[in-house]
Amino acid sequence: MTNHITERASFGSKLGIILATAGSAVGLGNVWRFPYMAGENGGAVFIMIYVVCVLLLGIPCMISEFIVGRHGQANTARSYRLLAGGTPWAIIGYMGVLTGFLITGYYAVVSGWCLQYVWASLAGHLHGDPEYFKEYFTSLSSDPVKPVLWTVIILGITYLIIEHGVRNGIERASKMLMPTLFILLLVIVVASCLLPDAWKGVEFLFKPDFSKIDSDVFLGALGQSFYSLSIAMGCLCTYASYFSKYTDLTKSASQIAIIDCVVAILAGLMIFPAAFSVGVSPDSGPSLIFITLPNVFQQAFSAVPVVGYLVSLLFFLLLSLAALTSLISLHEVSTAFFEEELHTTRKRAALLVTVSTAIIGAFCSLSLGGYKGFVYFDKPLFDWFDFITGQIFLPIVGFLTCIFIGWFVDHKIVRDEFTNWGELSGRFFHFYLFLVKYVCPLAILFIFLHQLDLI
Ligand code: PHE
């Protein structure tokens, strides 16, 4: 055990920690889900509620996972097991790993689509009338070969990064990918906001509409904040096991949450001004990014087609980078697990994860049209993965983690991790504990029951 601790990998710098963890948080959820939900649910009011959810619920849950991971100095399952000390609470860690593992395959499929669109933009295939874009996406996602191939390619890229280790792989890649992502985002925001009538989109996003507030808006904001911060998937816990004992957990969680919120809001400023400038009403989900937006960019910049072409290319590049950094963190959850639990090398563990998640991804992808056998109870396997991981496992793992840290784990351990063994003042410790003991579990319970239509 001692040997294992001394050999353990770690991030090399504070910046590396922030960028890698923010890379996990900033993903497809920021780019398509957040802007749409904000626009549909009262604009600025939704954003305000969202920010409150992040501050009061997201950050404490994030800190709790950091505490488990940094204390354990091991993969998610082992870290929970260590704190659980032989009690059944250890199950939470295994559930976290399983959630991360299952979601990797399905997230890789969507990431693969992004990559396919980068390719299509480069090859000049992304132009035509609105019908064309719809047809293009439908035939791509239901194709039995192409999306599977792109899923394998993006998982292969993830493998190459992960295989190089925490510092030379994950940290180095995040230090390159995250700034690039940010620059691309700013370039597209500026291009989009300079379009005629762009202000209509800005208004859609920011105009407060108090009449829209109801329990759906609250629970929607809450669910989105958890998903967006990568809570309850094992990622935060795994990354925290690579933090140093000097890392200020509260400060890091706050910085990561701020980056995540800023990217989400900027994504809105990238999408809506362009959409409103050409009078296209924004849709939700995959159809927004893969059908509506290519069409919007083409129309919005039709005066200078090269710019339209470039913006579209940059947009899908940005999306692929955002997806890739999240995929890396998801892949790492299972890689760390197999490496340590099977006592094998990092390479072998990573290969095992890549191959098995590629198989899951292929099944998910085929369920969308390539092979009808993967449809159960009218839902394709792809939707089942989304449902089981996001709506069942995520709230259960999040809820149990709060109860575990708030009520079960010795508060001295929690306090030591929170204050870096007395180094930091710990001014907010009691407030944090209060949130984790009472407020977070109740809030998560509500989202859970609401998502299952029980309340
Ligand atoms: N937070 C990511 C997003 O916003 C999704 C994600 C969830 C990534 C869980 C990793 C783990 O898209």
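If you take all C-alpha pairs in segment 278-318, what percent of them are over 17 Å apart?
Counting every Cα pair in segment 278-318, those more than 17 Å apart make up 27 percent.
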The convex hull of the Cα atoms of segment 157-228, divided by residue count, gives a volume in Å³ per residue of 131 Å³
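Compute the length gained on full extension between Y438 and V280: take 0.36 nm times their separation in residues and subtract their Cα-Cα distance, giving the result in nm to one decimal.
52.5 nm
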S139 and I413 label points (each 7 Å along its Cα→Cβ direction) are spaced in nm at 5.7 nm
Sorting E339, E417 on solvent-accessible surface, 1.4 Å probe, most exposed first, gives E339, E417
With a Förster distance of 60 angstrom and the Cβ-Cβ distance between R8 and D129, calculated FRET efficiency to the nearest 0.05 equals 0.60
Computed on Cα atoms, the radius of gyration and Dmax of segment 275-363 in angstrom are 19.3, 60
With 0.36 nm assigned to each residue of separation and the Cα-Cα distance removed, I392 to W421 gains 6.9 nm
Longest principal axis of the chain (C-alpha) makes with the long axis of helix 305-341 (C-alpha) an angle, in degrees to the nearest 10, of 20 degrees
For segment 239-342, the percent of accessible surface on carbon and sulfur atoms (probe 1.4 angstrom, ligands and nucleic acids excluded) is 69 percent
In debye to the nearest 20, the charge dipole size for the chain, taken about the Cα centre with +1 at each Lys and Arg Cβ and -1 at each Asp and Glu Cβ, equals 1020 debye
What the Cα atoms of segment 1-73 span along the principal axes, largest first and in whole Å, is 54, 21, 17
Taking Cα atoms, the helix 14-25 axis meets the longest principal axis of the chain at an angle in degrees (rounded to 10) of 60 degrees
Per the 1/(1 + (r/R0)^6) rule, R0 = 22 Å and r from the Cβ atoms of K251 and N168, FRET efficiency to 0.05 is 0.30
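Within segment 148-247, report the trypsin sites (Lys or Arg not before Pro) that DSSP leaves as loop and that have at most 13 other Cβ atoms within 10 Å.
On the way: sites: R167, R172, K175, K200, K212, K245; in loops: K245.
Passing sites in segment 148-247 are K245.
Report the gain in length on full extension from S244 to F431: 0.36 nm times residue separation, minus Cα-Cα distance, nm rounded to one decimal.
Gain on stretching S244 to F431: 64.9 nm.
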Counting every C-alpha pair in the chain, the percent lying more than 41 Å apart is 13 percent
From the Cα centre of segment 186-222 to that of segment 393-454, the distance in Å is 31 Å
Scattering profile of segment 33-103 from the Debye formula, Cα beads only, expressed as log10 I(q)/I(0) at q = 0.16, 0.20 Å⁻¹, is -0.70, -0.82
Summing -39500 (n - 2.57) over every DSSP H run of at least 4 residues in the chain and dividing by its residue count gives a helix-only mean residue ellipticity at 222 nm, to the nearest 500 deg cm²/dmol, of -22000 deg cm²/dmol
Beyond 32 Å (Cα-Cα) in this structure, taken from K175/K379; K134/K175; K175/K437; K146/K379; K175/K212, we find K175/K379; K134/K175; K175/K437; K175/K212
Two pseudo-spin positions, 7 Å from Cα along C-beta at D383 and at E40, lie apart in nanometres by 1.5 nm
Taking a crude spin-label model, label points 7 Å out from Cα along the C-beta direction, the I183 to L445 distance in nm is 5.0 nm
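The values are calculated or read from the model by the stated rules, or taken from the named source; none is laboratory data. Predicted model, so just to flag it, every value in this text is computed and none were measured. All Cβ positions, glycine included, derive from the backbone under ideal geometry; neighbour counts span all protein chains shown. Just so you know, the surface numbers come from the protein's heavy atoms only, side chains and all, with ligands and any DNA or RNA stripped out. Shrake-Rupley method; radii C 1.70, N 1.55, O 1.52, S 1.80 Å.
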